[in-house]
Amino acid sequence: MTAYQHHGKHFVPHDWTHALVAARDRLPQLNATNTRHLSAFLSCALDKADGTYDYRSYLGLPLLRLPGPDHPKGTAAQQFARRDRLHAILLTDLIAFELRAAFDEHTPLPRMRPTPAMTTKRLRHALRAAMPALRRLSLVEPTTNSSQVTLLRRVVATVTMDLTPEDRRALQVSMLPVHTVHDEWMFIRVLQAFETTFALLATDLTDVITAVEAGQPPRAASKLSAAASLLRESASLWPLLATIQPAAFRTFRTFTEGASAIQSRHYKIVESLCRTPRNARLASPAYLSVPEVRTAIMRGQVSIDDALNAAQQSAPTPVLGAAMREFAAAIQQWRQTHYRLAVRILGPERSGTGYTEGTPYLRDARHEPVFNCPTTRPDTSKGI
Ligand code: HEM
């Protein structure tokens, strides 16, 4: 791990790579349950050498035990707590990294450190993004008059003491930057935090569909409204990410070619559980980049729209319609903020790392309707 953070994954010396490949070759002789985690780690660490580098391996997603479809055990409340915990520990790790780098020059990823003013701003946004989850988990006192640095240090100490050995290991092994530029740490943690929320939303939407199919619109509505609220809450990650230094981003981005969030399965599951995508979008990079999700759709995955149609409801009940509008507005807002940030950082014409034309792709994808039913379209006249 230390070597990866010291050199950057793209620059790890060949001797190290060969040693890890040799270690992996010996793995099948060991007990499979004991080696599952190690084997998942090696797949992520050796992705560039193996030619399998992508968004999932870049972010170490198989090492994070995300809530949702990949780990469906537990009640809805337990899944929600799992999301909160992961969100909180990812952001606290970022806070700890930023504090450490501000005071200790030997902190990993030494290139292009941000200015003290930028660090202060970043820490403020990181704390704000972590706070709702920290409060729900009772990992922070409800009110406090402490200075920002004292509060940050207290949060880091409380969360660190609360970490299980599995949490510590997950945090360690899921930080595999490609380069040694300071801002990549934040970029990775923010993407992982968004993925954590999308993973939970994918489960929530499946529950919404089950409720619609069972003829329980009020239950479907309250689940969907709660999902919209969580998505709005997670938007606090955007101002944090906006503190990224464009030059730093462009430096490490050269080595992330082939890993793009267009490959995010959870985002596309969320999108396709609302409404089955049109054939043109299914045949475009949007879904060709997530083959498992595409296959599930082609095999007849049911969306909220489909479930409403099957229930022969020409329009959802008023309460469900309102929840659908609320969720659609939260998604549209998410897409709009993402697009604006991408334009600000990349410029209007620079291509994406997911082999699209870049921001022009996002400009058009923003307009995909979230649901088919026209009564659920958010009111865009106010210019979200
Ligand atoms: C520096 C910030 C970011 C920039 C410059 C950026 C840029 C882009 C670009 C250019 C694309 C088009 C696909 C391609 O790569 O060719 C894309 C797609 C996407 N990005 Fe980002 N992105 C950023 C941050 C994020 C974050 C934090 C998330 C959260 C998970 C995210 C999620 C997505 C998703 C889900 C797509 C696919 C959208 C679709 O297919 O409709 N991006 N991004």
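Quick note: the coordinates plus some simple rules give every number you see, no bench work behind them. Computed from a predicted structure; not experimentally measured. Positions of Cβ are backbone-derived with ideal geometry, glycine not excepted, and every protein chain shown enters the neighbour counts.
How long are the semi-axes of the equivalent ellipsoid of the stretch 198-382, defined as square roots of 5 times the Cα gyration tensor eigenvalues? Whole Å, largest first.
Numbers: eigenvalues 186, 67, 39 Å².
The answer is 31, 18, 14 Å, longest axis first.
Pick out, from 115, 367, 328, the residue whose Cα sits farthest towards the positive end of the charge dipole of the chain, with +1 on the Cβ of Lys and Arg and -1 on the Cβ of Asp and Glu.
Projecting each Cα onto the dipole axis, the largest value belongs to 115.
Specify which residue in the list 1, 17, 51 is farthest towards the positive end of the charge dipole of the stretch 1-52, using unit charges on the beta carbon of Lys, Arg (+1) and Asp, Glu (-1), about the Cα centre.
Of 1, 17, 51, it is 1.
Which listed residue (343, 217, 264) has the Cα farthest towards the positive end of the charge dipole for the stretch 198-382, taking +1 on Lys and Arg C-beta and -1 on Asp and Glu C-beta about the Cα centre?
Selected residue: 343.
Taking the chain as the reference, fit the longest principal axis to its C-alpha atoms, fit the long axis of helix 76-103 to the helix C-alpha atoms, and give the angle between the two in degrees, 0 to 90, nearest 10.
Tilt relative to the chain: about 40 degrees.
Which whole-number percentage describes the relative contact order of the chain, with Cα contacts under 8 Å and a sequence gap of 6 or more? Mind dumping the intermediate values first?
Values: 470 pairs, mean separation 71.7, N = 384.
Reported relative contact order: 19 percent.
Hey, can you rank 285-291, 303-309 by average C-beta count inside 10 Å, highest first? Walk me through the intermediate numbers first.
Values: 285-291: 18.3, 303-309: 21.0.
With the highest mean Cβ count within 10 Å placed first, the list reads 303-309, 285-291.
Sort the stretch 132-257 into rounded, prolate or oblate with this rule: let a ≥ b ≥ c be the square roots of the eigenvalues of the Cα gyration tensor; rounded if a/c is under 1.5, and if a/c is not under 1.5, prolate when a/b is larger than b/c, oblate otherwise. Before the final figure, lay out the partial values.
On the way: a/c = 2.04, a/b = 1.38, b/c = 1.47.
In terms of gyration-tensor shape, oblate.
Pick out which of 253, 100, 26 has the largest mean-square fluctuation in a Gaussian network model of the chain, springs linking Cα atoms closer than 10 Å.
Comparing 253, 100, 26 in the GNM, the peak value goes to 26.
If R0 is 56 Å, what FRET efficiency do you get for residue 104 and residue 310 from their C-beta distance, rounded to 0.05?
Numbers: r = 59 Å, r/R0 = 1.05.
In this case the efficiency is close to 0.40.
With a sphere of radius 12 Å drawn around the Cβ of residue 161, what net charge do the other residues whose Cβ falls strictly inside it have (Lys, Arg +1; Asp, Glu -1)?
Details: positive: 154, 168; negative: 162, 167.
Every neighbour counted, the sum reads 0.
Let me know the shape class of the stretch 52-137, please: from the alpha-carbon gyration tensor, a ≥ b ≥ c as square roots of the eigenvalues, rounded when a/c is under 1.5, otherwise prolate if a/b is greater than b/c, or oblate. Before the final figure, lay out the partial values.
On the way: a/c = 3.19, a/b = 1.54, b/c = 2.07.
Oblate is the answer for the stretch 52-137, as a/c is 1.5 or above yet b/c matches or exceeds a/b.
Between residue 81 and residue 111, 0.36 nm times their residue separation minus their Cα-Cα distance comes to what?
Details: separation 30, 0.36 × 30 = 10.80 nm, distance 3.57 nm.
Answer, rounded to one decimal: 7.2 nm.
Cα atoms only, the chain: Rg and Dmax in Å?
Cα-based Rg and Dmax for the chain come out at 21.2, 64 Å.
Assign one of three labels to the stretch 70-200, namely rounded, prolate or oblate, based on the Cα gyration tensor with a ≥ b ≥ c the square roots of its eigenvalues; rounded applies when a/c is under 1.5, prolate when it is not and a/b is larger than b/c, and oblate otherwise. Provide the component values of the computation, followed by the final result.
Numbers: a/c = 1.97, a/b = 1.28, b/c = 1.54.
Note, shape of the stretch 70-200 comes out oblate.
Based solely on its DSSP helices, what 222 nm [θ] is calculated for the chain when runs of n ≥ 4 H residues each add -39,500 (n - 2.57) and the sum is averaged over all residues, nearest 500 deg cm²/dmol? Present the calculation step by step, with values, prior to reporting the outcome.
Working: 20 runs with 246 residues, N = 384.
So the calculated ellipticity at 222 nm is -20000 deg cm²/dmol.
Which of the chymotrypsin sites (Phe, Trp or Tyr not before Pro) found in the stretch 168-248 are in a DSSP loop and have at most 15 neighbouring Cβ atoms, other than their own, within 10 Å?
When the chymotrypsin sites (Phe, Trp or Tyr not before Pro) of the stretch 168-248 are filtered for loop state and at most 15 Cβ neighbours within 10 Å, nothing remains.
Where in the chain lies the longest segment free of GluC sites (Glu not before Pro) that are both loop residues by DSSP (not H, G, I, E, B) and have at most 10 other Cβ atoms within 10 Å?
Numbers: sites that count: 105, 349.
Of all site-free stretches, the longest is 106-348.
Please list, in order along the stretch 195-209, the HN-Hα scalar couplings obtained from phi with the Karplus expression 6.51 cos²θ - 1.76 cosθ + 1.60 (θ = phi - 60°), rounded to whole Hz, x for Gly and Pro.
After applying 6.51 cos²θ - 1.76 cosθ + 1.60, I find 4, 4, 5, 4, 4, 5, 4, 4, 5, 4, 5, 4, 5, 4, 4 Hz.
What is the sum of charges around residue 53, taking Lys and Arg as +1, Asp and Glu as -1, for the other residues whose C-beta is under 13 Å from the C-beta of residue 53?
Values: positive: 9, 48, 56; negative: 47, 50, 54, 257.
Neighbour charge sum, excluding residue 53 itself: -1.
Excluding residue 38 itself, calculate the net charge of residues whose Cβ lies under 14 Å from the Cβ of residue 38, where each Lys or Arg counts +1 and each Asp or Glu counts -1.
Neighbourhood net charge equals +2.
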